[in-house]
Amino acid sequence: MPLLRINATSAGLALHGTSQSLTQHLSAMTSEDGPAIIMIHGYKYAPGSENHCPHNKIMSTLPDAWPASLGFGHSAPEEGMGVAFGWYARGSLSSVHARAKSLGQHLATLTLKLRRTNPNRPIHVIAHSLGAEIALSALKHLPHRAFDRIVLLTGASYIGFAQEMLNTPAGRSVEVLNVTSRENDLFDLGFERLVRSHRANDRAIGLGISACNVVNIQLDCPKTLGSFGALGFDIAAPHRRVCHWSAYKRSGAMAFYSAFLRTPETISMNRLKRTLPAQTAPRWSRLFAMPRRRLPWHGLALPLRAQQLGSSQRGIGAAIAGTTKNEPAY
């Protein structure tokens, strides 16, 4: 599998698990055909950690990990280069968010290196949760057409910041798929309560990004799933009310992202806009229908069973604070 494992630290970029020079390693991979797809994980991972290393989990060579799900590992000459972008994502949510924003410059450096070694190769990014902040932050450090396409999976970022980054030369020229879901509403709310925005009344990008080069997809909307069926993609309906990982764990979702990144000529932005429903299911409709109780986010009222829902069954507060060996990462 042509998989490049990279870690971004405060000191710069380094190959994971080897002292070999990144420049030399990239030079040896210039003959690879196909796109470069940079994969960026979210919260709670830590490269090199026994229990939390992303290169052994979400970005490993296992059949259900991101690289294989995005079409890598078949030894086909056109499959391109997978780039696993690891970064230290542990600590308080606000401190990790600030770190993610600062690492955008390292992602930009990596992108420019990829462009120099193979100028004609398409470069795409797929990022989950706080990884979206890295992807968006890189745009201000890059020139026009640095990235071809970006997929943001339930991103932990603010609308105002995203629109600012998309108003840069690199931001105006990239095509962005912003994947949202009501399953992530509690996590969006936690992000808004725990990470301060520098813009008044700003909201998380789960509510959508307004830009001509962005398509917002609400992945738990039945009409949206029907539209994907019309495009030839069978994406499973949600089976949890609260889940931060559904955007990539849901059956059929990664196959669609792979096609979106690998065959842009068949899945154009205009085709998506024409096919997707004009109106999606209302936000929070399932959650606010439940009895409510108070949670310790500045007295905000939330549903009674909200802390019991989600793939960890431990609730949003416990999920963010948890430190167990097999805790879910973001």
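Structure values in brief
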item: For GLU265: the one exception among (1) farther than 30 Å from THR168 by Cβ; (2) modelled with pLDDT under 95; result: (1)
item: Any hit, region 43-54, residues being within 21 Å of the chain's Cα centre (by Cα) and among the aliphatic types (A, V, I, L, M); result: yes
item: Residues located in region 238-264, provided they are assigned to a loop (DSSP other than H, G, I, E, B), in contact (Cβ under 8 Å) with a residue 12 or more places away in the chain, closer than 23 Å to ALA65 by Cβ and open to solvent by 40 Å² or more (accessible area, probe 1.4 Å); result: ARG240, SER251
item: In region 7-19, residue most open to solvent (accessible area, probe 1.4 Å) [restricted to those that are modelled with pLDDT of 80 or more and in a loop (DSSP other than H, G, I, E, B)]; result: SER10
item: Residue count, region 149-185 (criterion: within 23 Å of PRO122 (Cβ to Cβ), of a type in the set (D, E, K, R) and out of contact with any helix residue (DSSP H, G or I) (no Cβ under 8 Å at 6 or more places or on another chain)); result: 1
item: Condition broken by ASN270, with the remaining ones in (1) under 30 Å from ALA108 (Cβ atoms); (2) open to solvent by less than 40 Å² (accessible area, probe 1.4 Å); (3) not hydroxyl-bearing (Ser, Thr, Tyr) satisfied; result: (2)
item: Answer residue from region 20-44, given it is part of a loop (DSSP other than H, G, I, E, B) and open to solvent by less than 20 Å² (accessible area, probe 1.4 Å) and is farthest from ALA132 (Cα to Cα) among those; result: PRO35
item: Pair list, Cβ under 8 Å, 6 or more apart: region 223-235 residue free of Cβ contacts under 8 Å to residues at least 24 places away in the same chain, other residue of a type in the set (D, E, K, R); result: ILE235/ARG250
item: Residue satisfying all of: in region 82-98; of a type in the set (A, V, I, L, M, F, W, C) and in contact (Cβ under 8 Å) with a residue 12 or more places away in the chain; farthest from LEU3 (Cα to Cα) among these; result: LEU93
item: Selection count, region 114-134, where residues are open to solvent by less than 10 Å² (accessible area, probe 1.4 Å) and either in a strand (DSSP E or B) or without any contact (Cβ under 8 Å) to a residue 60 or more places away in the chain (or both); result: 7
item: Residue count for region 213-230, restricted to those that are assigned to a helix (DSSP H, G or I) and surrounded by fewer than 16 Cβ atoms within 10 Å (Cβ to Cβ); result: 5
item: Residues that are open to solvent by 10 Å² or more (accessible area, probe 1.4 Å) and farther than 29 Å from ALA11 by Cα, drawn from region 59-78; result: LEU62, PRO63, ASP64, ALA68, SER69, GLY71, GLY73, HIS74, SER75, ALA76, PRO77, GLU78
item: All positions within region 136-190 that are of a type in the set (Phe, Trp, Tyr) and over 22 Å from SER94 (Cα atoms); result: PHE147
item: Count of region 103-112 residues which are touching a residue at least 40 places away in the same chain (Cβ under 8 Å) and not β-branched (Val, Ile, Thr); result: 4
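The values are calculated or read from the model by the stated rules, or taken from the named source; none is laboratory data. Fair warning: this is a prediction, and the values are worked out from it, not measured in the lab. Here Cβ is always computed from backbone atoms with ideal geometry, including for glycine, and neighbour counts include all displayed protein chains. Accessible surface areas use protein heavy atoms only, side chains included; no ligands, DNA or RNA. Shrake-Rupley method; radii C 1.70, N 1.55, O 1.52, S 1.80 Å.
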